[in-house]
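The values are calculated or read from the model by the stated rules, or taken from the named source; none is laboratory data. Predicted model only: the values in this text are computed from it and were never measured. Reconstructed Cβ throughout: ideal geometry from the backbone, glycine too, with neighbour counts over all protein chains shown. The protein model used for the area step is the full one, side chains on, heavy atoms only, and it has no ligands, DNA or RNA in it. Shrake-Rupley method; radii C 1.70, N 1.55, O 1.52, S 1.80 Å.
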Amino acid sequence: LQPIKVPPPPPSARAVCKEPLKVVDAAQIALLDPSGARTRLFSKTNPDAAKVGDILLVRQKSGEPFAGVCINIRRRGVETGILLRGQLTRVGVEMWFKVYSPNVEAIEVVQRRRKRARRARLYYMRTPKHDPGNLEGVVRQYMRQRAMLGKGGGSK
Amino acid sequence: MPPRIQLSHARLAQLPPAFLNPTLYASIARQCPQQTQQQQQRTIRTVVKTKHHTKFLKLSRFNNLPSLPKLRASARSAIERRIASDTLPLRTGVLATKKGMTALYSPDTGKRTPCTILQLDRVQVVGHKTARKHGYWAVQVGYGHKRPATMTRPMLGVYAGQGVAPKERVAEFRVRDAKGLLGVGEAITAGWFQEGQWVDTKSNNKGKGFAGGMKRHGWSGQPASHGQSLTHRTMGSAGGSQGSGSRVIPGKNMPGRMGNEQHTIQNLKVLKVDEANGLVLVSGPVSGPKGCIVKIQDAVKKPWPDLPGILPSLETTTQQVEAQT
């Protein structure tokens, strides 16, 4: 039997772009974090990165700055989020922040954890025994030090 | 087969009217091409779709004459109603794969818009459906590539006849008229859609296997405690007794296979179009798992997109198709 000849296929966009999610993510991150500072702050390879267990202060476009212990870093490219556990008027509050959101103006490391946390998600901090409680004192001390240094470092 | 009858015009006038026995009339009409004016008027030209291939137009059993009011229950009227309701898109759609979801942030307003990434791959027009042959207008679109070695000879012949490379998946996109048909073999890229236009997506939703009543129909089940024995998620009752028919009514909702059915999501906005990478980003979720095939077409519940320069081939194709019909 003679083989039936069919035309060859046209060029494939799928071959050109094998991982569209990564391409879209990279374009978004380039737009939202041009200096790369935010990416470095949460990069796994950076020894000075913010880690789970550190106390972080998030300054937003509108609203009061929120400080809390970082109990979770959810890495999803441009959708990376951090879960901070703090206190608002003596009530324990957990807040998620999208790290690349334009509404998040600055993320500062107020206090680093003394030793590396032995797990990735610190949900045990919800129990009264491990709850860090009120962080106003820690944040005030950090602000005083920063003012003394004349806005030297820490803000990214 | 009825016997072949040689008749004169005089004999024809004595026959019963055409609508009583259209097949007989058709066979006679073929032998006597010179018909009287009355008989010409009686020739019924409605296209009726049949399961089998017919060499001639199947004659309608009803008095479907131009002088009489239009029959509401006819194929012609149905098509005219459909066109009048303006629910058929003017142009074809595309096939794409659902690659996953992400979000787009607006640097000015700070607004986050979740979106689904759909990728086109070697999308070409594979064929047409025309009103004369099939009773409706549609464009057959193919996605991807299938190796000729894995295809049957009949299907290879189809593709060779059309002059298109074999496709992994083919789907039809119904259009309003011949103007919506693209040339066979024409490639469709992501640039087919504009940023900011509305689209409808059709894809099979995720299969859930054999699903119970609580999942499939939202039943509440039974209490967890207070003496319930081995009955927490069951159906309970399947209906009344003697007074309600002494049986389970046909069509009763029961546990069974759920999912893996076509699901249409309407009015999704196209947020971004990346023609080089074949990407179309639509706002919101799209049915189905990652890697599923999605049909994207202009939204029927929104004004048709204004596209001045995108469809240059339509003019030539319309002329070709109208020449054939």
For this session: Can you work out which of the residues in the stretch A:1-20 that are part of a loop (DSSP other than H, G, I, E, B) and more than 7 Å from every other protein chain (Cβ to nearest Cβ) is nearest to A:Thr80 (Cα to Cα)?
Result: A:Glu19
For this session: Return the only residue of A:Val23, A:Val78 being assigned to a helix (DSSP H, G or I), facing chain B (nearest Cβ under 9 Å) and within 12 Å of the chain's Cα centre (by Cα).
Result: A:Val78
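So that you can scan it fast, the table gives a plain yes or no per residue for (1) open to solvent by 60 Å² or more (accessible area, probe 1.4 Å); (2) small (Gly, Ala, Ser):
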| residue | (1), (2) |
| --- | --- |
| B:Arg132 | yes, no |
| B:Gly135 | no, yes |
| B:Lys146 | yes, no |
| B:Met151 | no, no |
| B:Pro154 | yes, no |
| B:Tyr159 | no, no |
| B:Lys167 | no, no |
| B:Lys179 | yes, no |
| B:Leu182 | no, no |
Exercise. Within the stretch B:208-218, is there a residue that is open to solvent by 70 Å² or more (accessible area, probe 1.4 Å) and touching a His at 6+ places or on another chain (Cβ under 7 Å)?
Worked result: no
Exercise. With respect to the numbered conditions (1) farther than 24 Å from A:Ile29 by Cβ; (2) within 14 Å of chain B (Cβ to nearest Cβ), which one is the sole condition not fulfilled by A:Phe97?
Worked result: (1)
For this session: Just one of (1) over 30 Å from B:Val280 (Cβ atoms); (2) at pLDDT 95 or above trips up A:Ala27, so point out which.
Result: (1)
Exercise. Out of all the residues in the stretch B:113-130, which are more than 7 Å from every other protein chain (Cβ to nearest Cβ), assigned to a loop (DSSP other than H, G, I, E, B) and open to solvent by 10 Å² or more (accessible area, probe 1.4 Å)?
Worked result: B:Thr130
Exercise. Between a first residue in the stretch B:212-234 that is free of Cβ contacts under 8 Å to residues at least 24 places away in the same chain and on the phi > 0 side of the Ramachandran plot and a second residue that is assigned to a helix (DSSP H, G or I) and not acidic (Asp, Glu), which pairs have beta carbons less than 9 Å apart while being 6 or more apart in sequence or on different chains?
Worked result: B:Gly221/B:Gly213; B:Gly221/B:Met214
Exercise. Tally time: how many residues in the stretch B:74-93 are at pLDDT below 85 and open to solvent by 70 Å² or more (accessible area, probe 1.4 Å)?
Worked result: 1
Exercise. If you scan the stretch B:67-112, which residues turn out to be under 24 Å from the mean Cα position of the chain (by Cα), among the small types (Gly, Ala, Ser) and within 14 Å of chain A (Cβ to nearest Cβ)?
Worked result: B:Ala96
Problem set entry | Top-ranked residue of the stretch B:155-181 - restricted to ones that are assigned to a helix (DSSP H, G or I) and in contact (Cβ under 8 Å) with a residue 40 or more places away in the chain, ranked as farthest from the chain's Cα centre (by Cα) | B:Lys179
Problem set entry | All positions within the stretch B:225-247 that are under 19 Å from B:Met214 (Cβ atoms) and open to solvent by 70 Å² or more (accessible area, probe 1.4 Å) | B:His226, B:Ser229, B:Leu230, B:His232, B:Arg233, B:Ser237
For this session: Answer yes or no: is there a residue in the stretch A:124-147 that is exposed (fewer than 15 other Cβ atoms within 10 Å of the Cβ), charged (D, E, K, R) and within 15 Å of the chain's Cα centre (by Cα).
Result: no
Seminar exercise, completed: Across the stretch A:96-137, the tally of residues that are of a type in the set (A, V, I, L, M, F, W, C) and either modelled with pLDDT under 95 or part of a loop (DSSP other than H, G, I, E, B) (or both) stands at 5
